[in-house]
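The values are calculated or read from the model by the stated rules, or taken from the named source; none is laboratory data. This is a predicted model, so every value here is computed, not measured. Positions of Cβ are backbone-derived with ideal geometry, glycine not excepted, and every protein chain shown enters the neighbour counts. Quick note on the areas: whole protein, heavy atoms, side chains included, nothing else; ligands and nucleic acids left out. Shrake-Rupley method; radii C 1.70, N 1.55, O 1.52, S 1.80 Å.
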Amino acid sequence: MSHDISNLRKFVAPEMIFGAGARKSVANYAKTFGARKVLLVSDPGVEAAGWVEDVSSTLREEGIDHVTFTQVSPNPRSHEVMAGVDFYREHGCNIIVAVGGGSPMDCAKGIGIVSANGRHILDYEGVDQIRAPIPPLIFIPTTAGTSADVSQFAIINDEAERVKISIVSKAVVPDVALVDPDTTQTMDPFLRACTGLDALVHAIEAFVSTASGPMTDMFALDAIRLINGNLEQLAANPADPKLREQIMLGSMKAGLAFSNAILGAVHAMSHSLGGFLDLPHGLCNSILLEHVISYNYSAATDRFKIIAETMGLDTRGLNATEVKARLLARVVELKQNIGLYQKLAEIGVRTADIPTLSAKAIKDPCLLTNPRKSNRRDVEVVYEEAL
Ligand SMILES: [Fe+2]
C-alpha cells in the first residue's frame, strides 16, 4: 500500500503548567534542569511592571543563582541576541528563563540557539537549521497573545536589512511554559487589544493553513471560541481574573495550533511591516486581518464558514458571499470594540513602501501555508486595501 506523506501531521508542544500562580514553579523547574546559573531574559517594560523582580525573588528564595538581561527592544534585533549570548557566556549560565511578551521570549530563544551552536543568529534562518540542542528554556509569558512560550518559532529582526527572519525548529519549543494569567494584570489596554487580536489571528490562520490537521483544528477552533467570546468583555473589565484566564487559555491554544499548522499571509505581511518600519506586531496583524480573510475566502470557503459559526454567527440559509460578509463584519466589530480601528496609513505606511513590503512578504515562510497562492502583485493589492 502506498501512502501520501503530505497527509502526515506531527504535533510538538512543551510541558505546560496553566493557571494563576504557575510562575511560582520556576525555581523547581530550574533545579530539575540542574541550574548552575540562570540567565533571566526580559525587557524594560516588563521589569517596570514588576515581573522581573517577582521571578527573581522566587529564584532567590530557592537559592538559585541568576543574572538578568533586559536590553531587548520590541521586534528584537539580532545584535541584542548576540549581546545576550556574550552576557550568558561571561556569567557561565546553563539555563534560560524568559519573562515577558514575544520580544524577550524570541530573544531568549536566539540566545539559546547561538550559545549552543556558535554562529551568528541570522545564520539560522529557515526551517530546521539548528543542529546542537539548546540550553533548557523555561518561559513565563506576560501577554496573552504571542505564544512564543509554546511555539517552534523565533522571529528576529535583521536590523541591517530591515527584515524579520523566521527561525522554525523543534529546538526552540521551550522545555516548560508557565502560563500564568496573573501576569497579564499589568498590560495596558492597547497592548491587551493587540496581543489578544494576534492570538485570534494565530487561530484563524492555523485553521485555514494548508498544514492544518485534526490536532491543530481542535485547538484553533477552541481558541477562536474563547477569544471571540471574552476579548471584548475583558476590554471592558480588565481586572476580571476569570476573563483574563479565558483569554490566556485562548492564546495558549492558538499558540499550540499555529506552532504546528504554521500561519499565513497576515503574518507574512505583518513580519514585513514589523521588520521594515518597526511597527507593533499585533497592530499590523489587526489592520491586515479582514483584508487577508477577504483575499483568502474563495480558497477556503468551507473552513471560513466553520470559523464564522465558531464566532457565533448564524449561517443558516446563507450563500458563501453572505457568510463572508457576515464574518468580515464581525471581525471589524470585534476590533472596534477593543479599540483597534487604525489603517496602515495612520501608522506611517506610505504607498511608496508597498512594493518593498510585498517583495519582503513573499519571501516569508508563513506565506507557504496560506490557503490561496499569492504572488507579489496579490500581496501589493492587499496592502493597498489596508492602507
Ligand atoms: Fe503573531
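For Glu90 and Lys343, calculate 0.36 nm times their separation in residues minus their Cα-Cα distance, and state this gained length in nm to one decimal. Let's see the in-between values first.
Working: separation 253, 0.36 × 253 = 91.08 nm, distance 4.49 nm.
Working it through step by step, the gained length comes to 86.6 nm.
Amide H contacts of Met16: Ala177, each under 5 Å away and 5 or more positions distant or on a separate chain (H built 1.01 Å from N in the peptide plane; Pro and chain starts excluded).
The residues of the stretch 297-379 have, on average, 53 Å² of accessible surface per residue, using a 1.4 Å probe with all protein chains present.
Tell me, how many Å apart are the Cα centres for the stretch 212-260 and for the stretch 123-137? Distance between centres, Cα-based: 28 Å. Ligands, DNA and RNA left out, the accessible area of the chain computed with a 1.4 Å probe is 52% carbon and sulfur.
In whole Å, what is the distance between the alpha-carbon centres of the stretch 73-119 and the stretch 292-321? Computed from Cα coordinates, the inter-centre distance equals 41 Å.
Normalised by the number of residues in the chain, what is the relative contact order in percent for Cα pairs under 8 Å and 6+ residues apart?
About 16 percent, as a whole number.
Relative contact order, whole percent, for the stretch 299-387 stands at 29, derived from Cα pairs under 8 Å and 6 or more residues apart.
Considering Cα pairs under 8 angstrom that are at least six residues apart, work out the relative contact order of the stretch 132-179 and quote it in whole percent. Normalised by residue count, the contact order of the stretch 132-179 is 47 percent. Given the C-alpha centroids of the stretch 153-197 and the stretch 28-42, what is the distance between them in whole angstrom? So the separation of the two Cα centres works out to 20 Å. Among 149-159, 196-206, 326-336, the peptide with the highest mean count of other Cβ atoms within 10 Å heads the list, and the full ranking is 196-206, 149-159, 326-336. With a 1.4 Å probe rolled over the protein heavy atoms of all chains, the accessible area of His3, His79 falls in the order His3, His79, largest first. The gain in end-to-end length when the Ala20 to Gln185 segment is fully stretched comes to 58.3 nm, 0.36 nm per residue minus the alpha carbon separation. Taken along its three principal axes, the alpha carbon spread of the stretch 284-387 comes to 43, 31, 20 Å, from the longest extent down to the shortest.
Within the set Lys10/Lys373; Lys37/Lys335; Lys324/Lys363; Lys24/Lys343, which residue pairs have Cα atoms separated by over 32 Å? Result: Lys37/Lys335; Lys24/Lys343 exceed 32 Å. Secondary-structure-derived ellipticity at 222 nm for the chain, considering helices only, amounts to -16000 deg cm²/dmol, per-run term -39500 (n - 2.57) for DSSP H runs with n ≥ 4. Counting only heavy atoms of the protein chains and using a 1.4 Å probe, Ser147 has close to 0 Å² of accessible surface.
Using the Kirkwood radius over Cα pairs, work out the Stokes-Einstein diffusion coefficient for the chain at 25 °C and 0.890 mPa s, in µm²/s as a whole number. Can you show the working numbers first?
Numbers: Rh = 20.8 Å.
Taking Rh from Cα pairs, D becomes 118 µm²/s.
Just so you know, the Cα atoms of the stretch 195-295 work out to an Rg and Dmax of 13.4, 38 Å.
Among 5-18, 29-42, the peptide with the highest mean count of other Cβ atoms within 10 Å heads the list, and the full ranking is 29-42, 5-18.
Mind running the shape call on the stretch 8-124? Use the C-alpha gyration tensor, a ≥ b ≥ c as the square roots of the eigenvalues: rounded below 1.5 for a/c, prolate if a/b tops b/c, oblate otherwise. Each step should come with its number before you reach the end.
Details: a/c = 1.37, a/b = 1.18, b/c = 1.15.
The shape class here is rounded.
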